[in-house]
1. Looking at B:198, B:157, B:137, B:146, can you tell me which residue is of a type outside the set (A, V, I, L, M), touching a helix residue (DSSP H, G or I) at 6+ places or on another chain (Cβ under 6 Å) and either on the phi < 0 side of the Ramachandran plot or within 14 Å of another protein chain (Cβ to nearest Cβ) (or both)?
2. Among the residues of the stretch A:144-160, count how many are more than 7 Å from every other protein chain (Cβ to nearest Cβ) and part of a helix (DSSP H, G or I).
3. Within the stretch B:31-42, is even one residue free of Cβ contacts under 8 Å to residues at least 60 places away in the same chain, in the same structural domain as residue B:117 (by TED's automatic domain parsing) and part of a loop (DSSP other than H, G, I, E, B)?
4. Looking at (1) more than 14 Å from the chain's Cα centre (by Cα); (2) in a helix (DSSP H, G or I); (3) crowded, with 22+ Cβ neighbours inside 10 Å, which is the one condition that is false for residue B:170?
5. Given the conditions (1) modelled with pLDDT of 75 or more; (2) of a type in the set (A, V, I, L, M); (3) under 20 Å from the mean Cα position of the chain (by Cα), and given that residue A:197 satisfies all but one, which numbered condition is not satisfied?
6. Take residue B:194 and decide whether it is at pLDDT below 95 and outside any helix (DSSP H, G or I).
7. Which one is farthest from the other protein chains (Cβ to nearest Cβ) among residues in the stretch B:346-368 that are in contact (Cβ under 8 Å) with a residue 24 or more places away in the chain and small (Gly, Ala, Ser)?
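The values are calculated or read from the model by the stated rules, or taken from the named source; none is laboratory data. It should be emphasised that the depicted structure is a prediction, and the values quoted were computed from it without experimental measurement. Cβ: placed from backbone, ideal geometry, glycine included. Neighbour counts: every protein chain shown.
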Amino acid sequence: MWQVVRQVLEQAWRQFAAQSLSMLPNVLASLLFLVIGVALAVAAGRVARFLLRRSAVERRASRLGVTSWLERAGILSATAALVRLVQIVFALMTAALVLYALDAELAADLTRRFFLYLPDLAVGIGIFVVGLLAARVAGRSVLIGAVNHGIGAARLLATGTRGAVIVLTGAMALDQLGIGKSIVPSALIILLGGVTLAAALAVGFGSRDTVGRWLDDRLRRPAPADADDIQHW
Amino acid sequence: MSAPDILAPAVRGRLDQIGRADIVVGIPSYQSAATIGHVVQAAQTGLAKYFPSAQSVILNADGGSTDGTPAVVESTSGPDTVLVMVSQPERPIQRFTIPYHGLPGKGSAFRTIFAAAEALGATACAVVDSDLRSITPEWIHLLLAPILDGTHDYVAPYYLRHKFDGTITNNVVYPLTRALYGKRIRQPIGGEFGMSLPLVRHYLRQAVWETDVARFGIDIWMTTEAVCGDFRVCQAFLGAKIHNAKDPGADLSAMLVQVLGTVFRLMEAHEARWQPVRATEAVPVFGFQYGVGLEPVHVDVGRMIDHFRRGVRDLAEIWGSMFGRDDMARLRSAAASGGDSLAIGDDLWVRLIYDLAAAYRRRASDRDALVRATLPLYMGRVASFVLEMAGADAAEVEARLERLCSAFEAQKDYLRRRWDAAHGPPSRRGRPRRIA
């Protein structure tokens, strides 16, 4: 009995060692690719930063109005954004080479599937980025308008607007990517329905007085900003 | 676009019938049936009384009123009904209404009036608002005489107003344009102006009539263009300005955007002109200056302070992207002070306006949102001004405004630094940019 177990173990070890040895060149090659790729990404980032600064990209972007758009998305520097883009391209290329070095067949299959998925991915990311920008613009417009119209809960309204736009465009992006095609719209409908129902119940039943006081307090709208006799110009 | 292209064929036909004119008085209007009759009558009487031998035309450019404004203009009786006349007109005064084309707004109405004045070869042109209740025939004389005697090209109005009226003019537009261009024009956005034919032609040649200037901001644009175009500028003392009650639905933030947005765009267009200006000069005032009784003005300071505090609380992020950290701290401190002790001092106010101008320049899109976001700040400044001047008379208020103007002039280097930092020093200083 023990003899059989020992034979099985020896055979398993020999197979593992043989396969590992046969894979070793691939692993070493992939590690080499990884190291070179990371080094190239860092170097390319530095070169790109140097060239972009030399060509005054920041000032040109500001003149073209790109900076203000980036700022609205929370990106404070056009140069940093472009450098990061270059590094991402290098990282993707490195990842592909590492995969090819490990298993060319698997890598080819993954690459093919990736490129087939790429248009959907690009559109999905595009939808989400536009959604983020739109959410920021809409939130700010609501905030300024609410403050100027004397609405107490201005920040709450602005946050709600921003959140609603992000949720909506996020759901659209996921739908484009084919992730949770049936779950995401259903979840969105349930969420919106739930919020509406909760608000209706709160206003209609138990919290009627509280909500009434809250609304009166928070959404109390004083006279318009120009209700004085004063002629401003 | 030449003058004939701007005017509709029917209008051109009417102008061809008239041939030529010495004077054109333009009245832009929209829903002004209640007041325009008085304005037309004052214009007719003024023309008949002071310029009896001149060939005169009164032109009403209407923006599609549905309250019968054009009918009031057509039916307003002529100067022969005026009882007290120094002289009778030697020539009939032509009077007619035309609809204007292009973008809706006062600017498009002015363009139509200017095109008609040019087509008629009018030596002098005046424009007056259609909602005026205090206009007298003397206004027409004062606005046109400096043009007709050939000594000036542009006549700006000089009114007496209640100490709390015209707060945008007093706290921003007058001191800012004075510091920028060096001319002390007290009412740069008054609404009533006189112009020579060369200046009218200059206006018509500018490529702004398809921009926001055609909708609004025309008053400050005209004043600034007259100054920057080196036309001879003067002021006419018109007494009190009383006009019809404002539209209660009008949005003050939109008005602020209209006025300040145009001022800032003009700063971009005329940067080469204002950057070197380091001193200001008086602009002559025509007309006998006298004191008048003014209608009382009710101001709800508490509501203004509430508005300011909401801005400090909720708009800090947007303000922080324009204003310095120390100034933000000063605003928070002002908001935290008790109601009657709210104070936004001149130096702070001037820096905020200059920072806003620089931020407006830096941002290429959605610039108007920046100006809209400063409405609470403006309300705070007005509240501070009203509290400070509560017991002051007109002369003391004027002296106070003079100190504010000095603060704008003293800090102009700060504006230059902020302005240049917004985009780097201008590369084409000698070439004005087109207003977008």
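1. B:137
2. Number of matching residues: 7.
3. Within the stretch B:31-42 (the criterion being free of Cβ contacts under 8 Å to residues at least 60 places away in the same chain, in the same structural domain as residue B:117 (by TED's automatic domain parsing) and part of a loop (DSSP other than H, G, I, E, B)), the answer is yes, since at least one residue qualifies.
4. Condition (1) is where residue B:170 drops out.
5. (3)
6. It is false that residue B:194 is at pLDDT below 95 and outside any helix (DSSP H, G or I).
7. If we take residues in the stretch B:346-368 being in contact (Cβ under 8 Å) with a residue 24 or more places away in the chain and small (Gly, Ala, Ser), then B:357 is farthest from the other protein chains (Cβ to nearest Cβ).
Per-residue answers, yes or no, for (1) among the β-branched types (Val, Ile, Thr); (2) modelled with pLDDT of 95 or more; (3) under 21 Å from residue B:164 (Cβ atoms):
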{"residue": "B:299", "(1), (2), (3)": "yes, no, yes"}
{"residue": "B:305", "(1), (2), (3)": "yes, no, yes"}
{"residue": "B:319", "(1), (2), (3)": "no, no, no"}
{"residue": "B:339", "(1), (2), (3)": "no, no, yes"}
